[in-house]
Amino acid sequence: MNQYVSPSALKPLSITDLAAMKQRGEKISCLTAYDAAFSALIDQAGIDMMLVGDSLGMVIQGHHSTLPVTVRDMVYHTRCVSHARQRAFIIADLPFMSYATPAMAAKNAAKLMQLGGAQMVKLEGARIDCIRFLVDQGIPVCGHLGLLPQSINQLGSYKVQGKEQAEADKIRSDALHLQQAGAGLLVLECVPAGLAKDISEQLTIPVIGIGAGVDCDGQVLVLYDMLNIGTVKRPRFSRNFMTGAENIETAIYAYHQAVKQSLFPAAEHSF
Ligand code: KIV
């Protein structure tokens, strides 16, 4: 089995490539990445996108939430990832309070792109003002709805969002507004599978799920969860891809294949 993509395929993917994948019904695979070594492995396994997530605050830095992560941390890790990447599209998180105003969002997004090498930035919540402002400056934006880890002190716990009708309706309308504001991608975290399916069908932009069922246009997992390493307890919606794998490379490739073939997530990983 040849698990590596051929060198001729190693041209950086663009947002239009990802949009075309949604159009033709090809699932998009994404993993978080924080350093050059894993970036190279993930890229060579053929994963379509790498998210330099502020989850690094928990899995790399050992904090209990993503709140302590700074723009400087994000730039450093994004640069590590982008140095080793050949094909995968790179998204970097704008960390907590780095987009309190549209002007702050633009200044910090520029750092992630110019110094870090990100192709897109992600921010949490229906921050339509920031999204519109960034898009007007030519900065591609990924929205993030459902469970918002940067709001953990308001939420109280990392729990499924959108189970109540009013909550689901709000997520649905936020998703539409975010697309109208110019977001090019949407991450939906920890929402019922039926809601994620509806939103994925309604939006023209790709919807990437994490704990959001199999019917999203793509899937993302935190790398350390799916490799079952580190100190953070693996959430129910993730899977240990090291089980049955010979090594890290084959585990990452198994995840990529499972996403492409809609074999992951299964019902037991969904809400
Ligand atoms: O920071 C992160 O890793 C994320 C994913 C959970 C989507 O935002």
Query - Residues of segment 217-241 satisfying the condition of being touching a residue at least 24 places away in the same chain (Cβ under 8 Å), more than 14 Å from the chain's Cα centre (by Cα), farther than 12 Å from residue 58 by Cβ and away from the ligand (no atom under 13 Å from the Cβ) - result: 227, 236, 239
Query - Selection from segment 67-88 of residues that are crowded, with 22+ Cβ neighbours inside 10 Å and hydroxyl-bearing (Ser, Thr, Tyr) - result: 78, 82
Query raised in the report: So which of 51, 56 ends up being within 15 Å of the ligand (Cβ to nearest atom), touching a residue at least 12 places away in the same chain (Cβ under 8 Å), in contact with a strand residue (DSSP E or B) (Cβ under 7 Å, 6 or more places away or on another chain) and not small (Gly, Ala, Ser)?
Result: 51
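With a cut-off of at least 3 residues that are surrounded by 21 or more Cβ atoms within 10 Å (Cβ to Cβ), name the helices (runs of 4 or more DSSP H) lying wholly within segment 8-59. Explain how you work it out, then say what you get.
Details: elements: 15-23, 36-44, 56-59.
Per the criteria, 36-44, 56-59.
Kindly evaluate residue 171 against the criterion of being farther than 23 Å from residue 68 by Cβ, among the hydrophobic types (A, V, I, L, M, F, W, C) and either touching a Leu at 6+ places or on another chain (Cβ under 7 Å) or away from the ligand (no atom under 15 Å from the Cβ) (or both). Show your work before the answer.
Details: farther than 23 Å from residue 68 by Cβ: yes; among the hydrophobic types (A, V, I, L, M, F, W, C): yes; either touching a Leu at 6+ places or on another chain (Cβ under 7 Å) or away from the ligand (no atom under 15 Å from the Cβ) (or both): yes.
Spelling it out, residue 171 is indeed farther than 23 Å from residue 68 by Cβ, among the hydrophobic types (A, V, I, L, M, F, W, C) and either touching a Leu at 6+ places or on another chain (Cβ under 7 Å) or away from the ligand (no atom under 15 Å from the Cβ) (or both).
Sort through 11, 27, 22 and tell me the only one that's charged (D, E, K, R) and modelled with pLDDT under 95. Lay out the reasoning, then the answer.
Working: 27 fails: modelled with pLDDT under 95; 22 fails: modelled with pLDDT under 95.
Matching residue, one of 11, 27, 22: 11.
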Query - Yes/no for residue 199 being within 18 Å of residue 25 (Cα to Cα), in contact (Cβ under 8 Å) with a residue 60 or more places away in the chain and more than 15 Å from the ligand (Cβ to nearest atom) - result: no
Report summary line: Just one listed residue, out of 183, 166, 212, is surrounded by fewer than 16 Cβ atoms within 10 Å (Cβ to Cβ), closer than 21 Å to residue 144 by Cβ and among the hydrophobic types (A, V, I, L, M, F, W, C), and it is 166
Report task. Exactly one condition in (1) closer than 17 Å to residue 143 by Cβ; (2) in contact (Cβ under 8 Å) with a residue 40 or more places away in the chain; (3) in contact with a strand residue (DSSP E or B) (Cβ under 7 Å, 6 or more places away or on another chain) is not met by residue 210; state its number. Result -> (2)
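Within segment 82-168, which helices (runs of 4 or more DSSP H) (wholly inside it) include 1 or more residues that are small (Gly, Ala, Ser) and within 19 Å of the chain's Cα centre (by Cα)?
On the way: elements: 102-114, 128-136, 152-155.
Per the criteria, 102-114.
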**Report entry** In segment 75-109, residue farthest from the ligand (Cβ to nearest atom) [restricted to those that are charged (D, E, K, R) and in contact (Cβ under 8 Å) with a residue 60 or more places away in the chain]
**Finding:** 87
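The values are calculated or read from the model by the stated rules, or taken from the named source; none is laboratory data. Keep in mind that this is a model prediction, so the values were computed, not measured. Heads up, the Cβs are rebuilt from the backbone with ideal geometry, glycines too, and the neighbour counts pull from every protein chain shown.
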